[in-house]
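One structure is given here, and the rest of the page talks about it.
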Amino acid sequence: MPDDVSFRRAVASDALCIGVLGMQVFLDTYATDGIRPSLAREVLEQFDTAAVASLLADARARCIVAERNGHLIGFAQASLHEAHPAIVSARPAKLDRLYVQEPFVGIGVGLALLGRIEALAAADGADLLWLTSWIGNARALAFYPRRGYDDVGPTIYAFEGEEHENRLFAKTLRSAG
Ligand SMILES: CC(C)(COP(=O)(O)OP(=O)(O)OC[C@H]1O[C@@H](n2cnc3c(N)ncnc32)[C@H](O)[C@@H]1OP(=O)(O)O)[C@@H](O)C(=O)NCCC(=O)NCCS
């Protein structure tokens, strides 16, 4: 990875850029057939600056940003104490988003963000990190198993009355202590 990529915890003033980068990566990843109203509403709602700011202010949220030359190029966001019915864990955390801007994929930014968010979650007591990945997202489906995540099975992501098949992944976290 280039030396000029750096990582830090997100702060409240990052909400604007996280939201806009989130929209770009979300659309690149999920709007593979073009834009439809349900998808347009979903992306505007999820990545609205106020929505991201309120998420960053949540005591259970953890977020790491990747920067280069003063520009946001990726982020990882997780929620502590977030269970899934198919996951057995005393202290689960959920990886909500791992987004790297397209010009910076494939150079280790995703791996570095994932390692840092895993460490943060573990330091705050999480014993497992889980996530869901759309079955149309071949790159992500290949990425997580190579980083120690087990494919736990199918799950559904629903929004606006639509249902999309996802895979559920989970990894046991080692505590820092
Ligand atoms: C999935 C995603 C997060 C992966 O991030 P990334 O930054 O590309 O990941 P990395 O660069 O760490 O690893 C990707 C590949 O590049 C390779 N790579 C890592 N560092 C490298 C380097 N310095 N030089 C060349 N290749 C490198 C890795 O070996 C890896 O290949 P592998 O999976 O075959 O082992 C990214 O593609 C992304 O943001 N996608 C869009 C959003 C998305 O789908 N998010 C996940 C939703 S569940």
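Couplings 3J(HN,Hα) of the range 15-32, computed from phi: 4, 4, 6, 4, x, 6, 4, x, 4, 5, 5, 4, 5, 4, 8, 10, 8, 6 Hz, in residue order, whole Hz [Karplus 6.51 cos²θ - 1.76 cosθ + 1.60, θ = phi - 60°; x for Gly and Pro]. Per-residue 3J(HN,Hα) values for the range 69-75, derived from phi via the Karplus relation 6.51 cos²θ - 1.76 cosθ + 1.60 with θ = phi - 60°, read 6, x, 10, 6, 10, x, 7 Hz in sequence order (x marks Gly and Pro).
Suppose every Lys and Arg Cβ carries +1 and every Asp and Glu Cβ carries -1, with no other charges. What dipole size does the chain come out with about its Cα centre, to the nearest 20 debye? Present the calculation step by step, with values, prior to reporting the outcome.
Details: 17 positive and 22 negative charges, 118 e Å.
Approximately 560 debye in magnitude.
The spacing between the range 61-120 and the range 129-177, judged by their C-alpha centroids, is 13 Å.
Residues VAL11, VAL25 in ascending order of nearby Cβ atoms (within 10 Å, fewest first): VAL11, VAL25. With no solvent and one point per C-alpha, what does the Debye sum give as log10 I(q)/I(0) for the chain at q = 0.12 Å⁻¹? Values returned for q = 0.12 Å⁻¹ are -0.54.
3J(HN,Hα) along the range 56-63: 5, 7, 5, 4, 8, 8, 10, 9 Hz, from the Karplus curve 6.51 cos²θ - 1.76 cosθ + 1.60 with θ = phi - 60°, whole Hz, x for Gly and Pro.
Protection proxy ranking, highest mean first, for peptides 149-157, 113-121: 113-121, 149-157, where packing is the per-residue count of other beta-carbon atoms within 10 Å, averaged. Each of ALA121, ALA138, TYR149 was scored by the projection of its Cα onto the charge dipole of the range 111-156, and the greatest displacement toward the positive side belongs to ALA138; charges sit on the C-beta of Lys, Arg, Asp and Glu. Under the criterion of Cα pairs below 8 Å and six or more residues apart, the relative contact order for the range 72-146 equals 33 percent.
Quote the relative contact order of the chain in percent (integer), defining contacts as alpha-carbon pairs under 8 Å separated by 6+ residues.
Details: 299 pairs, mean separation 33.3, N = 177.
Taking the mean separation of contacting Cα pairs over the length of the chain, I get 19 percent.
Coordinate-derived values only; no laboratory data. Computed from a predicted model, the values in this text were never measured in an experiment. Quick reminder, even Gly has a Cβ in these numbers, built from the backbone with ideal geometry, and neighbours come from all protein chains shown.
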